[in-house]
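Peer 1: Here you go, one structure.
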């Protein structure tokens, strides 16, 4: 790895673990400049007692609350980069998907396909035909056989969707009434 592009440790501290309540959670904050995305802050936490892990990522550029919208038309769009902060909401209306952050939510960098994979990872396995039909719809979307819209709403403006084709991602200021 090129050392100029390696993440730089900004701080390290030991804190109380939210799971086991011992003072053994090591939190590290890194600065990293990612091509296409720009500057991000990555927070990593590990508890030496219970093994609890925490990660978060967010853009460092300050922004107003934003909504990012990408209409996924085919397989190429599944490779668009998604930077989701811990406060962002993910919606895919055509598939009935709405993911709201909880108190232990974390941020991540993935692709549109990776977002769908994360949905399938937590999808119920024992709920009958309705769930099987919904699972098939998500799998078809992952194969590029189903068109859908990915919406990312971030009240802090620290998320993004990055597509190789300029103008494919619609960026709007998030109205105050819809901010969580």
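Peer 1: Is one or more of the residues making up region 135-157 assigned to a helix (DSSP H, G or I), free of Cβ contacts under 8 Å to residues at least 60 places away in the same chain and either touching a strand residue (DSSP E or B) at 6+ places or on another chain (Cβ under 7 Å) or within 20 Å of residue 41 (Cα to Cα) (or both)? Spell out the reasoning first.
Peer 2: As a first pass, look at region 135-157 and keep what is assigned to a helix (DSSP H, G or I): 135-142.
Next, from what is left, pick out any that are free of Cβ contacts under 8 Å to residues at least 60 places away in the same chain: 135-140.
Next, from what is left, pick out any that are either touching a strand residue (DSSP E or B) at 6+ places or on another chain (Cβ under 7 Å) or within 20 Å of residue 41 (Cα to Cα) (or both): none.
There is no residue in region 135-157 that is assigned to a helix (DSSP H, G or I), free of Cβ contacts under 8 Å to residues at least 60 places away in the same chain and either touching a strand residue (DSSP E or B) at 6+ places or on another chain (Cβ under 7 Å) or within 20 Å of residue 41 (Cα to Cα) (or both).
Peer 1: Could you figure out which of (1) in a helix (DSSP H, G or I); (2) more than 30 Å from residue 173 (Cα to Cα); (3) in contact (Cβ under 8 Å) with a residue 12 or more places away in the chain isn't true of residue 113?
Peer 2: (2)
Yes or no, residue by residue, for (1) within 17 Å of residue 13 (Cα to Cα); (2) in contact with a helix residue (DSSP H, G or I) (Cβ under 7 Å, 6 or more places away or on another chain); (3) surrounded by 13 or more Cβ atoms within 10 Å (Cβ to Cβ):
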| position | (1), (2), (3) |
| --- | --- |
| 45 | yes, no, yes |
| 63 | no, no, yes |
| 66 | no, no, yes |
| 69 | no, no, yes |
| 77 | no, yes, yes |
| 81 | no, no, yes |
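Peer 1: Just name the residue that is modelled with the highest pLDDT out of those in region 83-93 that are surrounded by 13 or more Cβ atoms within 10 Å (Cβ to Cβ) and outside any strand (DSSP E or B). Before you say what the answer is, go through the steps one by one.
Peer 2: Let us first name the residues in region 83-93 that are surrounded by 13 or more Cβ atoms within 10 Å (Cβ to Cβ), namely 83-92.
Filter once more, keeping what is outside any strand (DSSP E or B): 85-88.
Values: 85: 89, 86: 89, 87: 90, 88: 93.
Applying the filter and picking the extreme gives 88.
Peer 1: Right, here's the next one. Could you tell me whether region 111-121 includes any residue that is at positive phi and either modelled with pLDDT of 90 or more or touching a strand residue (DSSP E or B) at 6+ places or on another chain (Cβ under 6 Å) (or both)? Before the answer, list the steps.
Peer 2: Within region 111-121, the first condition is being at positive phi, and the residues that meet it are none.
The answer is no, given that none of the residues of region 111-121 is at positive phi and either modelled with pLDDT of 90 or more or touching a strand residue (DSSP E or B) at 6+ places or on another chain (Cβ under 6 Å) (or both).
Peer 1: So how many residues does region 97-107 have that are surrounded by fewer than 16 Cβ atoms within 10 Å (Cβ to Cβ) and assigned to a strand (DSSP E or B)?
Peer 2: Summing the residues that are surrounded by fewer than 16 Cβ atoms within 10 Å (Cβ to Cβ) and assigned to a strand (DSSP E or B) in region 97-107 gives 1.
The values are calculated or read from the model by the stated rules, or taken from the named source; none is laboratory data. The structure presented is a predicted model; accordingly, all values stated were derived computationally and were not measured. With ideal geometry, Cβ positions are generated from the backbone for all residues, glycine too; neighbour counts draw on all protein chains shown.
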